[in-house]
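Shown next, in structure tokens, is the structure this report addresses.
The values are calculated or read from the model by the stated rules, or taken from the named source; none is laboratory data. Keep in mind that this is a model prediction, so the values were computed, not measured. Don't worry about glycine lacking a Cβ; one is built from the backbone with ideal geometry, like all the others, and counts go over all protein chains shown. Side chains are part of the model used for accessible areas, which takes the heavy atoms of the whole protein and leaves out ligands, DNA and RNA. Shrake-Rupley method; radii C 1.70, N 1.55, O 1.52, S 1.80 Å.
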Amino acid sequence: MRRISRKKRSTLANRAIAASAALILGGGGLVAVNVYASAGEGPSGSSPPTRTQNAGNQLSTIDCPEAVNGLPDVPDEARGEVDRELAAMDTQITDAYQQFADRKEQIARDPGLAENAVLGPLRSKRTASLDRIGIAIGRVGERPTGLESLAGCSLRADDSRGGNGGGRGDGNGGRGNGGPGDGGQDDGQDQDQGQNQGQDGGQGQDPGGQDPGQGQDPGQGLDPGQDQGQGGNGPVAADFVDIQSVQPNVDRPRQRRGASRGTFTTDCGRNENGKFNPDNVIVAPGVSNGAHHMHDYIGNQANDAFASDDDLANGATTCRNQGDRSTYYWPVLRLQNGQDEDDVNADGGGRDQNVGEIQTPSQVTLKFVGSPVGRVTAMPRFLRIITGDAKAFTNGDANANASWSCTGFEDRQLTDKYPICPEGSQVVRTFAFQNCWDGQNTDSANHRTHVAFAQENGRCPNGFRAVPQLVQRIVYDVPPGPGFAVDSFPEQLHKPITDHGDFINVFDDRLMKKMVRCINDGRRCR
């Protein structure tokens, strides 16, 4: 068994056991197609609440409405209690998924067992949690009605098996700007950003329907149509596509007079010290294992489920410039090679169906870029942003906002497939975060509505102002082939579309002002 370093073991013991879209390349720069995005947010793609599909082995996961989207505005006084109940509902789904996985063959033979053993008990628990949420809101405001409609869940098939395209392919969602550097080059060079024109990111291609092996052996433990991974719940061969079979799907950015064209890059390492935990202080503050998957952390080292703003302000940082104590985190990527980590029996790891050898990135680039139509203003300290949707497999892709590619092929971007890279090429995952802020709030009840992406004309929505946009590029040196996946909630089956990133701004005022000046003056700063 591969051993985690002493620091890594300590972190896991203390926390885990206790608990964009398409990138656009052109004119020497990249711009990202974005959508309004928040991990764990988005419209549910659920089937009718209690319907059980009689599809034999096609029954792959549990699909529940995203409760947070059915809530009214949550008063600040009730937000902590509501967040804890929402996190408890995630745990309820995780437990129910395990019940389903343990009885999948029986359920295939007797669909009624799903209702009696899995969906019925889950519905009862969700109803009780939703009732407690209503009570918590009612103590300080008007109690919401109709929350019980969010209790129902269904079983659904893994509909990715046939492949449905490697790009976004839907043209939906808001459109952002900014982007990382060109594939593998010094991305402080020749940076430019512009505005996407809302074209289909997939350009009509359907690489997911092609042979994902493209001459390679797609097996490597992945048999199409079968549940895979050491944990038995994904990924499958249809989740991968040969990057060389994907047509270039990027648009050239358009520049506008007055654009803020500078960049600011911060170097915070690659998580060489092995800080991991399965918490999410943004979505589930005060809840151990609130994410049910393991996160890589760089920057602030005080981040766990219980970290306050003061803890973050005083925390150590891995960033070279000590004025940046921000926290940057994302789900770890693992090789599905049968090698165990020390979290194989821990929350967020094996207990949540996340197994395999954790990969340390070979490169992490954190770059802040400007607006294609005007100047940017400073982000407020402790601004929280989540981009992407950790539950996009069941919620649908409206809020998906991660992009997958390979070095040397970054004019070809995937949202709902992992790339199979040729020999000598590395896997790249990229996030372009929201670049508009409402001017008032550092967070919101659904962790989404206080920030937004620029509209197709490059301007922020009414009431929002442009702020520096974080573009995060993570590179991995993994063996060629389909044998890797990101950590996910168990019922999300390690789908690439569930990838997401989290950021809390803890720049000091001096360094934030420097960032804004650099971007607005068109300079490249570090």
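Quick notes on this one:
- In nm, spacing of pseudo-spin labels at V140 and N345 (7 Å Cα→C-beta vector): 4.1
- Q322-R375 pseudo-label distance in nm [points 7 Å out on the Cα-to-Cβ vector]: 3.2
- Stretched out straight at 0.36 nm per residue, the stretch from D310 to E148 would grow longer than its current Cα-Cα span by 54.6 nm.
- Share of carbon and sulfur in the accessible heavy-atom surface of segment 221-378 [1.4 Å probe, %]: 40
- Cβ-defined net charge surrounding A96, 10 Å radius [Lys, Arg +1; Asp, Glu -1]: +1
- Placed amide H near N277: partners under 5 Å, 5+ positions off or other chain: H295
- Length released on extending from L113 to Q440, taking residue separation times 0.36 nm less the Cα-Cα span: 112.8 nm
- Take the Cα of D521, step 7 Å toward its Cβ, do the same at R256, and the gap between the two points is 2.5 nm.
- Here the 3J(HN,Hα) profile of segment 332-338, calculated from phi with Karplus coefficients 6.51, -1.76 and 1.60 at θ = phi - 60°, is 5, 9, 10, 7, 8, 10, x Hz, Gly and Pro shown as x.
- Taking GluC sites (Glu not before Pro) across segment 376-464, the ones in a DSSP loop with at most 14 further Cβ atoms lying within 10 angstrom of their Cβ are E423, E456.
- Residue (of V332, M294, A259) at the positive-pole extreme of segment 236-384, dipole from beta-carbon charges: A259
- Once the Cβ-Cβ distance of F382 and E423 is raised to the sixth power relative to R0 = 35 Å, the FRET efficiency obtained is 0.20.
- Extension gain, E272 to D73, is 67.6 nm, computed as 0.36 nm per intervening residue step minus the present C-alpha separation.
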